[in-house]
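The values are calculated or read from the model by the stated rules, or taken from the named source; none is laboratory data. Bear in mind the structure is a predicted one, so any value in this text is a computation, not a measurement. Glycine also receives a Cβ, built like all others from the backbone with ideal geometry; neighbour counts cover every protein chain displayed. With ligands, DNA and RNA removed, areas are computed over all heavy atoms of the protein, side chains included. Shrake-Rupley method; radii C 1.70, N 1.55, O 1.52, S 1.80 Å.
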Amino acid sequence: MPDFSVSGSERVEAYWGSFGERSGRVEGAFLKTANSGIFIGFDEESELGAFSSRVDWNSEGDFVFGGLAKFKGSDFLVPTAGVGRALTQGTDVILESGFVDSDLRFESFVRTSAQLERYKLEGEIDGELYLVLGDNDLSYALFIDHSGSILGGTLQYDEISGLLSFRSQKGDRFEFQTSSLSPRYVLADGRRGGLLEVANENQVDLDTSSIYLSKAWNSYVKSSQSPQDGLHFIIEGEGSMPVEILAELSIDIRSVFDWETLNSISIELYQLDENDEWRMLFPSLPLIRSKNPDEPEFSLSLSGRLDATLPSGTYLANLSNIFSLSAEIATQAHFAHSNDIFVVNGSTFYQRDPQNLDHHFGFDLAGEGVIQALVRSVGPGLAYFDVSECTENPNLSVYQHGLKSWKNDDWAIAENFEKSSVMGDRLGAFPLSENSKDSALSLSLGPGSYSVESCRGTDDGGFEIIELYLQTE
């Protein structure tokens, strides 16, 4: 294979393999890029093509993917969600389908470095072409017609003419000269044009103006006489933002000794004032009984809502009069979209003990594009605020659409330590010491629903915070 590289191309780690069986077998490659990854796949016999631009790898080799396409009109369904693991030893990548009833999996037969090139079609068609140029004649092409078709195959090189080409069975032809001649395409239906090289997306500043935090939430199980989990968020920018806060409780009525107190539970909204003290702004109306036909015998369900229009500031959503209750609690904060004011942080702060181990945090990103995010689970680092009795060794698991995507334990020894440290400084996160056992992940996230957990044994108790920081500028 000749030296074929252009300005803006990217050197990637490539896992070559296939999944499916017999007539539906798809050959392809998972590509580990600087920030995330892509997958291209094809069946040359049926000219089926598959593509995903959402392959997110964590520092330990696990990855999650979604958004795979298929050839228009094909009956073969490629899984649209899945998880996998790139083993640190050997060359295997195992990709399991995200569907319970499917046994599809991707198996890699070799791992190499590769050159990833991307071209936009000019002329009579709206589309793009991906080239993956590997070693030992491992080179693939994938053509995406934005009108609805997608096909792929192997690249061919003619040593005499110096022509690198990809041709489909029906006569589509894409040609590249290793000389100064411009790449071109000619489709079987007569449409033709040039191929314009696209700069490496990982080297371009990401436009985050259209992606935003639309929801932050926590859920937990609380025992009687234990503190509740606080849901915090920070707003920055000009003007004000409509915010809707929702709360749901499932209460064990055997822990209720004062029914008047039960009838006075409400959502309370606090703001951090200039003296770093929490000042209550206003409460909601008392929560009301909500019907749940599936609730257990001794359970009572309550729900409520609080609407507010908030300027820049740091806020806390709590529930009143629940200290003596045993309950399952879920709180959500929904944020409107604005080009002038943004939610830049969401978090949940809680106390972990053998009777209260179930603590969850999550968030939704809406819009289009990619946003830089820092997710942390902090216990020892809370000493920065003179908080005593903190957890000793929090870990971190981040799920996207219910699939485990990233994890970290001990942020200072992770591969993305330097990136997390730099991003924390840039986004105003309180500092963590390099020898702490706190956990952190620096991520590039697209739209979707995410949940975060910090789970481990019952012996690690104390105060802890799970938090999200977003780069909105």
remark   = Checking rank on 265-274, 222-231, 280-289, with mean other Cβ inside 10 Å and highest first, the result is 222-231, 265-274, 280-289
Placed amide H near residue 355: partners under 5 Å, 5+ positions off or other chain = none
For residue 120, solvent-accessible area (1.4 Å; no DNA, RNA or ligand), Å² = 90 Å²
inquiry  = Please compare each pair in 215/437; 120/407; 32/120; 32/437 to a cut-off of 26 Å on the Cα-Cα distance and tell me which ones are over it.
reply    = 215/437; 120/407; 32/437
ask   = In sequence order, what are the phi-derived ³J(HN,Hα) couplings for the stretch 185-192 according to the Karplus relation 6.51 cos²θ - 1.76 cosθ + 1.60 with θ = phi - 60°, rounded to whole Hz, with x for glycine and proline?
value = 9, 9, 8, 4, 8, x, 5, 8
remark   = Between residue 324 and residues 5 or more places away or on another chain, the pairs with built amide H atoms under 5 Å apart involve 225
request  = Run the quick spin-label model on residue 210 and residue 196: label points 7 Å from Cα toward the beta carbon, then report their separation in nm to one decimal.
outcome  = 1.8 nm
remark   = At the level of C-alpha centres, the distance separating the stretch 375-398 and the stretch 219-293, in angstrom, is 23 Å
